[in-house]
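Each remark here refers to the structure printed beneath this line.
Here, each number is a calculation from the coordinates, and none is a lab measurement. Everything numeric in this text was worked out from a predicted model, so none of it was measured. We place every Cβ from the backbone using ideal geometry, glycine too, and count neighbours over all the protein chains shown.
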Amino acid sequence: MESWDRFGTEELERLIVEIWRIRAAQAAMRRANRALGRGDLGALRRQGFSERHIVSLLALQQQGLRPFPQSAFRENRRVLGFLMHELERRTTAIPISKPQAMGRQRLGEGASFPEN
């Protein structure tokens with residue numbers, strides 16, 4: 001097992017940021033697919049899609065293709081699995097001792113990753 005000293009805080013932060021980035025992309029792709037299915041171009045604009053990108057997504061949809069296909073979601077889930085495994089592997093190497101006064105506390109809502 002690689003020691004924590006060799007995998008520092010900066011690398012750990014980059015790993016966490018990448019996990020968040022991919023999860024956010026998954027959610028954005030799902031919302032975009034739903035908006036396109038409803039024909040809600042306003043929702044795409046509110047999501048930050050440019051007019052050019054919206055036209056590209058509509059063109060794919062008109063060809064009978066899903067703008068963000070299941071293969072993209074599967075690949076992201078595969079990468080997320082790898083990154084989560086790495087995060088777990090790296091953080092289990094950190095020696096943590098729980099102070100006596102802490103007891104059992106629940107994590108707040110902000111501590112969890114967004115839903116996949």
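Ordering LEU57, LEU12, LEU65 from the fewest to the most neighbouring beta carbons within 10 Å gives LEU65, LEU12, LEU57.
Can you figure out the FRET efficiency of THR92 with SER56, using R₀ = 41 Å and their beta-carbon distance, to the nearest 0.05? Intermediate values should be presented prior to the final figure.
On the way: r = 43 Å, r/R0 = 1.04.
Calculated transfer efficiency: 0.45.
Label separation (GLU11 vs ARG66): 3.6 nm, computed from points 7 Å beyond Cα along the C-beta direction. When only C-alpha pairs under 8 Å and at least 6 residues apart count, what is the relative contact order of region 4-93, in percent? Over region 4-93, the number comes to 44 percent.
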